[in-house]
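The values are calculated or read from the model by the stated rules, or taken from the named source; none is laboratory data. Since the model is a prediction, treat every value here as computed from it, not as a measurement. Virtual Cβ from ideal backbone geometry, glycine too; neighbours counted across all protein chains shown.
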Amino acid sequence: MTESRVQRRRRFVVCEPRHFAVQYAINPWMSTGRPVDVIRALDQWQALVDTYRAHGHTVDTVAPVPGLPDMVFAANCAVVVEGRVFGSLFHAPERRPESVPFEAWFKTEGFEVHHPESVCEGEGDLVPAGRWILAGTGFRTTRAAHREVQEFFGVPVISLTLVDPYFYHLDTALFVLDDGTGGEGRSGGSAGSGGNIAYYPGAFSPGSREVLERLYPDAVIATREDALAFGLNSVSDGRHVFIAPEARGLADRLAGRGYVPVPVDLSEFHKAGGGIKCCTQEIRETRS
Ligand code: ARG
């Protein structure tokens, strides 16, 4: 019998893709010769926001800034744990100015913001998972930033090395299915500490793969096909998994584990190397 999963309502922050474009290439998905259909992007993005709201989640918006085409990828602007905001210092000079409007927004909302000393791309590479934070490095966020994150939050940070340029951010190779809080029911994951995850092992160095196997013996394993379809750039609320419709194999496996896949098509954003999770920043106010 499959377990029945329990949702926890979330607070998300997003940024409308009014100025979305591919004007530079900083990952293998991006090609400046391939135009973006902004009207289509706006429709897809609106459908994501509507879907979150229809499932009971709160969605706040940060105003987009002309000339910052990647601002739609709000996940990269910070990581928020227990109401504390650790901002971003982008790797690419083109993205560095994005920190300013996002940090200003957090301050207006009453949060204190820590601006990092080392290159660090928010939830793109820093994935809070119950009692620890999974942290990616290899392409963007540095190990020095992982240390800074651990020092700032006082939460153990588990460094994982990414090796495939198509999966340059941790959130393109792994997502948290449930955070192990189990507060509203039997949603707790393996060992009741770091929740449970889905991931694509091929995106990680051999040592990091072994770390994930030890921490998550119960993980849902994705194929390269699932990962290339942005299936791991998903958002789970503990029950519903907002997932790219092309990641059919992964969606079926998740359904087999009792999750409810909710397909949301963000294919226009794949041209910039982003998907559902990249467009979604989560504000975690309380201790899990
Ligand atoms: N074009 C953006 C970049 O390369 C895409 C960011 C996608 N965001 C994410 N969380 N993976 O930085």
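Points to keep in mind about this one:
- Condition met for Gly258 (buried (at least 24 other Cβ atoms within 10 Å of the Cβ) and either closer than 26 Å to Phe20 by Cβ or in contact (Cβ under 8 Å) with a residue 40 or more places away in the chain (or both)): no
- Test: residue in the stretch 74-92 that is crowded, with 23+ Cβ neighbours inside 10 Å, among the acidic types (Asp, Glu) and at pLDDT 95 or above: no
- Phe12 being buried (at least 20 other Cβ atoms within 10 Å of the Cβ), more than 16 Å from Ser99 (Cα to Cα) and touching a His at 6+ places or on another chain (Cβ under 7 Å): yes
- Test for Asp70: is it out of contact with any strand residue (DSSP E or B) (no Cβ under 7 Å at 6 or more places or on another chain) and surrounded by 12 or more Cβ atoms within 10 Å (Cβ to Cβ): yes
- Among residues of the stretch 55-67 being within 20 Å of Arg284 (Cα to Cα) and surrounded by fewer than 16 Cβ atoms within 10 Å (Cβ to Cβ), the one that is farthest from the ligand (Cβ to nearest atom) is Gly56.
- The condition of being more than 25 Å from His240 (Cα to Cα), surrounded by fewer than 17 Cβ atoms within 10 Å (Cβ to Cβ), touching a residue at least 24 places away in the same chain (Cβ under 8 Å) and out of contact with any strand residue (DSSP E or B) (no Cβ under 8 Å at 6 or more places or on another chain) holds for only one of Pro156, Pro165, that being Pro165.
- Considering Val235, Val264, the condition of being of a type in the set (A, V, I, L, M, F, W, C) and over 22 Å from Leu126 (Cβ atoms) is satisfied by Val264 alone.
- Listed by position, the strands (runs of 3 or more DSSP E) enclosed by the stretch 193-288 that each have at least 3 residues that are closer than 20 Å to Phe73 by Cβ are 240-243.
- Residues considered: Val119, Val100, Val85, Val81. Of these, the only one that is free of Cβ contacts under 8 Å to residues at least 60 places away in the same chain, more than 16 Å from the ligand (Cβ to nearest atom) and out of contact with any Asp or Glu (no Cβ under 9 Å at 6 or more places or on another chain) is Val100.
- Test result for Pro116, closer than 20 Å to Ile197 by Cβ and either modelled with pLDDT of 95 or more or crowded, with 23+ Cβ neighbours inside 10 Å (or both): no
- All strands (runs of 3 or more DSSP E) inside the stretch 72-187 with 1 or more residues being among the charged types (D, E, K, R): 84-87, 174-178
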